[in-house]
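To start, the structure under review is shown below, and the notes come after it.
The values are calculated or read from the model by the stated rules, or taken from the named source; none is laboratory data. Computed from a predicted structure; not experimentally measured. Every residue, glycine as well, gets a Cβ built from its backbone with ideal geometry; the counts of neighbours run over all protein chains shown.
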Amino acid sequence: MVINSLSIDVEEHFQVSGFEGVVDRETWDSQPSRVVDNTHRILRLLDEASVKATFFVLGWVAEREPALVRDISDAGHEIASHGYWHRLVYSQTPDEFREDVVRSIDVIERACGQRPTGYRAPSFSITEQSRWAWPILAELDMQFDSSVYPTNLRDRYGMGDANTRPHEVAENLWEIPMSVMRVARWNVPVAGGGYFRLYPFWITRSAVRRLNADGMPANVYLHPWEFDPDQPRVSGVGRGAAFRHYVNLGRTESRLRRMLAEFPFGTMRRAYADVLSSPRQAAAS
């Protein structure tokens with residue numbers, strides 16, 4: 001039986017890359033915070049379904065809401081890093097990237113006592129121009145990365161010729177790519193985020209079934225703000241970014257409930273236990 005992976009990128013609703021041009025980082029502390037309530041909503045849902053997930057926590061959130069990180073960890077979920085400042089990897093220098101990841105590791109570990117050994121780049125921004133990030137993650141004892149979308153259909157991210165299966169990208173560092181489906185000549189993103197909300201549910205279900213039939217877990221990801229249709233609307237955002245962010249927010253929770261009822265899910269370490277099998281990793285799954 002194939003176990004699919006479920007991951008949650010823990011960030012505030014105003015921290016998405018599509019809002020960078022209108023929400024300055026210097027104003028983040030003055031924005032209405034909703035990440036605690038939204039994440040607890042997810043924790044309750046997962047508890048009801050008896051499912052454990054991987055939570056990629058933004059360091060900025062962990063530093064301000066350490067009790068939330070402890071709640072996630074105490075509930076038995078896997079803790080991983082989403083960086084600190086939610087900056088696109090390819091917009092940073094290698095030194096800036098290292099500093100950002102180290103800072104996230106430090107605040108997350110101080111919050112819950114668990115050192116993260118998994119990483120996901122904001123907006124999947126490890127691309128052809130930022131492959132240099134992998135050796136840095138390996139040097140920081142990260143054991144898996146889940147930052148690559150093997151597609152060329154998006155402008156902000158994507159690596160069209162990337163391996164769609166887990167593969168080693170640096171010494172003892174495995175890349176766990178996001179799920180895509182081959183349609184004609186293209187790898188089409190499926191099973192997470194805006195795609196989870198935009199596609200009719202039957203398409204997502206069919207994609208998961210097809211992946212599982214090929215022996216591959218679906219790599220499903222969501223954000224706490226995607227469970228919050230009542231979140232404040234950010235003004236000044238372009239139509240495209242606004243559509244991607246706000247479309248079908250009211251359907252996320254019911255769709256996830258259906259997904260968890262129909263397919264087996266677990267942490268990334270459990271879903272990819274064939275490659276993430278060291279004693280330290282196994283103990284955290």
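Considered as a group, the residues in region 106-121 that are free of Cβ contacts under 8 Å to residues at least 60 places away in the same chain and among the basic types (K, R) include one that is surrounded by the most Cβ atoms within 10 Å (Cβ to Cβ), and that residue is R115. The condition (being more than 28 Å from M216 (Cα to Cα) and hydroxyl-bearing (S, T, Y)) is satisfied by just one residue among S33, S81: S33.
Looking at this structure, is P264 closer than 22 Å to A53 by Cα and either among the hydroxyl-bearing types (S, T, Y) or crowded, with 19+ Cβ neighbours inside 10 Å (or both)? Walk me through it before giving the result.
Working: closer than 22 Å to A53 by Cα: yes; either among the hydroxyl-bearing types (S, T, Y) or crowded, with 19+ Cβ neighbours inside 10 Å (or both): no.
Considered against the rule, which asks whether it is closer than 22 Å to A53 by Cα and either among the hydroxyl-bearing types (S, T, Y) or crowded, with 19+ Cβ neighbours inside 10 Å (or both), P264 comes out as no.
Condition first: surrounded by fewer than 19 Cβ atoms within 10 Å (Cβ to Cβ), not charged (D, E, K, R) and not in a helix (DSSP H, G or I). Can you find one or more residues in region 33-40 that meet it? Yes, the conditions are met somewhere in region 33-40.
E26: exposed (fewer than 15 other Cβ atoms within 10 Å of the Cβ) and either touching a Phe, Trp or Tyr at 6+ places or on another chain (Cβ under 8 Å) or not aromatic (F, W, Y) (or both), yes or no? Here the answer is yes, as E26 does meet what is asked. Listed by first and then second residue, the pairs linking a residue in region 20-46 that is touching a residue at least 24 places away in the same chain (Cβ under 8 Å) and more than 15 Å from E253 (Cα to Cα) to a residue that is among the acidic types (D, E) and surrounded by 17 or more Cβ atoms within 10 Å (Cβ to Cβ), with Cβ atoms under 6 Å apart and 6 or more places separating them unless they lie on different chains, are R34/D228; V35/E12; V36/E65.
Inspect all residues belonging to region 103-122 and state whether any of them is under 22 Å from R244 (Cα atoms), at pLDDT 95 or above and assigned to a helix (DSSP H, G or I). Checked against the condition, which is being under 22 Å from R244 (Cα atoms), at pLDDT 95 or above and assigned to a helix (DSSP H, G or I), region 103-122 yields at least one hit. Of everything listed in (1) at pLDDT 95 or above; (2) surrounded by fewer than 20 Cβ atoms within 10 Å (Cβ to Cβ); (3) out of contact with any Asp or Glu (no Cβ under 9 Å at 6 or more places or on another chain), the single unmet condition for M259 is (2). Of all the listed residues (S50, S73), the sole one being surrounded by fewer than 16 Cβ atoms within 10 Å (Cβ to Cβ) and of a type outside the set (D, E) is S50.
In region 122-152, how many residues are among the aliphatic types (A, V, I, L, M) and surrounded by 22 or more Cβ atoms within 10 Å (Cβ to Cβ)? Result for region 122-152: 5. Residues that are over 19 Å from the mean Cα position of the chain (by Cα) and either of a type in the set (S, T, Y) or under 15 Å from V234 (Cα atoms) (or both) within region 30-66 comprise S30, Q31, P32, S33, S50, listed in sequence order.
Can we say G21 is surrounded by fewer than 15 Cβ atoms within 10 Å (Cβ to Cβ) and within 28 Å of S130 (Cβ to Cβ)? Criteria met by G21. Close contacts from region 71-97, counting a first residue that is over 16 Å from R110 (Cα atoms) and a second that is β-branched (V, I, T) and surrounded by fewer than 17 Cβ atoms within 10 Å (Cβ to Cβ), with Cβ to Cβ under 8 Å and a gap of 6+ residues or different chains, come to none at all. Report whether or not D95 is under 18 Å from the mean Cα position of the chain (by Cα), under 29 Å from D161 (Cα atoms) and in a helix (DSSP H, G or I). It is false that D95 is under 18 Å from the mean Cα position of the chain (by Cα), under 29 Å from D161 (Cα atoms) and in a helix (DSSP H, G or I).
Okay, residues lined up against (1) of a type in the set (D, E, K, R); (2) within 20 Å of V101 (Cα to Cα):
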| site | (1), (2) |
| --- | --- |
| N4 | no, no |
| V10 | no, yes |
| W28 | no, yes |
| R41 | yes, no |
| V57 | no, yes |
| W60 | no, yes |
| L68 | no, yes |
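Scanning for something in contact (Cβ under 8 Å) with a residue 40 or more places away in the chain, assigned to a strand (DSSP E or B), out of contact with any Asp or Glu (no Cβ under 7 Å at 6 or more places or on another chain) and within 28 Å of Q15 (Cα to Cα), does region 141-149 turn up at least one residue? Yes, that holds for at least one residue. Taking G240, is it surrounded by 14 or more Cβ atoms within 10 Å (Cβ to Cβ), modelled with pLDDT under 95 and among the small types (G, A, S)? Considered against the rule, which asks whether it is surrounded by 14 or more Cβ atoms within 10 Å (Cβ to Cβ), modelled with pLDDT under 95 and among the small types (G, A, S), G240 comes out as no.
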